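The structure under discussion appears below in the form of structure tokens.
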Amino acid sequence: MSKGAPKTPAWWFGDAAVPWWAQLLAPVYAGVTGLRRRLYRGGLLRQRRTDVPVIVIGNLAAGGAGKTPLTIAVVQKLRDAGWRPGVASRGYGRKDEGTARWVTAETSPEEGGDEPVLVARRLAVPVRVDRDRAAAARALAEAGCDIVVCDDGLQHYRLARDIEIEVVDGARRYGNARLLPAGPLREPVERGRCCDFRVVNLGHGGGEVGTGFGEWPMQLNARAAVPIAGGRPRALASYIGIRVHAVAGIGNPQRFFDMLRALGVGVVPHAFADHHAYRVEDLQFGNDLPVLMTEKDAVKCAPFADARCFSIPVDAELPAAFWVALLDRLARLR
């Protein structure tokens, strides 16, 4: 694993004992977040509403669950159904986070954030980054969008929402089901019951992971390796039996490594912290093996990527019934 690999506490998703200090801090965190939630729901803190429907896609557990691939899939379906969607995001990790800005395919990840830039390049729809997601939603509506999709922000209660979609990592689920820092949860598991949809990310092919009652399965499919420095894509199957350097700076890097291994690729893993700011040295591994990385990492490595480096785009696939249910709910709002 690389030097910058994220260090998830062993007790969050494993059998390690929760340290005493984490047990003491968890009730404090629960009290503060619970009070804030009640103040918004009770109307003592005012939510900001836009003139168009708002869909919030988020998760309860810290770390990646697959929100951005689902956001891309939702926006594509909305556009196909005749909506004019826009995407609101905080743009975590960008410099000068206090400044709201529009993000386009030409925006650098340093200015727009890696995930918003990825969305803008994949979809060519209006993308607005702002710490205040309610202000971002209003800006999108004023720009002509008739629906706003918020990538992350389940806990950003200032933004009033019409539909909530919770995304769950199918393998790790809620870990030990305890609140931060004793566990990975930002809010109690029961909070998910308030969401309109629960999507479970099964990763590539699903494996032995399944879904429960009222849950919608999502699979992430990768079929091609796209040269970051330019050129024709290669079939991902062409790497079967070949050793590669696999680079992932996402919430759960292991998911990317497991996906490649399931396809028969020989993986030398290099995990970095989520939203890692890459440098040329990070991709110097002492040999000329191919370097395969997530699409989110590729947008940051593009300025110095060479012919060894390939991006692996993934597409989220969900049952047709999920899209029928979502679009039916939106038709009633319309």
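How much of the DSSP beta bridge set in region 238-334 is antiparallel, as a percent to the nearest 5? Provide the component values of the computation, followed by the final result.
Working: 1 of 14 bridges.
Restricted to region 238-334, the bridges split so that about 5 percent are antiparallel.
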In vacuo Debye sum over C-alpha of region 201-334, base-10 log of normalised intensity I(q)/I(0) at q = 0.09, 0.21 Å⁻¹, listed in q order, is -0.32, -1.22
Please work out whether region 106-165 counts as rounded, prolate or oblate from its C-alpha gyration tensor, where a ≥ b ≥ c are the square roots of the eigenvalues and a/c under 1.5 means rounded, while otherwise a/b larger than b/c means prolate and anything else oblate?
-> prolate
What GluC sites (Glu not before Pro) in region 170-267 are in a loop by DSSP, with at most 13 other Cβ atoms within 10 Å of the Cβ?
-> Glu208
Amide H proximity to Ile228 below 5 Å, modelled H, separation 5+ or other chain, gives Cys309, Phe310, Ser311
The percentage of the accessible area of region 1-92 (probe 1.4 Å, all protein chains present) made up of carbon and sulfur atoms, to the nearest whole number, is 57
Amide H neighbours of Val167 under 5 Å, counting only residues 5+ apart in sequence or on other chains, H built in-plane at 1.01 Å?
-> Gly58, Asn59, Leu60, Val199
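Starting from 0.36 nm per residue, how many nanometres of slack lie between Asn287 and Ala143 once their C-alpha separation is accounted for?
Between Asn287 and Ala143, full extension yields an extra 47.0 nm.
How large is the accessible surface per residue of the chain, computed with a 1.4 Å probe and reported in Å² as a whole number? The partial results should precede the final answer.
Working: 15060 Å² over 334 residues.
With the other protein chains kept in place, the chain gives 45 Å² per residue.
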List the relative contact order of region 202-334 as a percent without decimals, with contacts defined as Cα pairs under 8 Å and 6+ residues apart.
-> 31
Of the DSSP beta bridges with both residues in the chain, give the percent that are antiparallel, rounding to the nearest 5.
-> 25
What is the Cα radius of gyration of the chain over 2.2 N^0.38 Å, N being its residue count?
-> 0.99
For Thr99 and Arg279, FRET efficiency with R0 = 25 Å and r from the beta-carbon atoms, rounded to 0.05?
-> 0.55
So, by mean Cβ neighbours within 10 angstrom, what's the order for 121-133, 248-260 with the highest one leading?
-> 248-260, 121-133
Gain on full stretching of the segment that runs from Asp15 to Tyr29 - 0.36 nm per residue minus C-alpha separation = 2.8 nm
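The values are calculated or read from the model by the stated rules, or taken from the named source; none is laboratory data. Because the structure is predicted, anything quoted here is derived from the model rather than measured. Glycine also receives a Cβ, built like all others from the backbone with ideal geometry; neighbour counts cover every protein chain displayed. Calculation scope for accessible area: heavy atoms of the full protein, side chains included, ligands and nucleic acids excluded. Shrake-Rupley method; radii C 1.70, N 1.55, O 1.52, S 1.80 Å.
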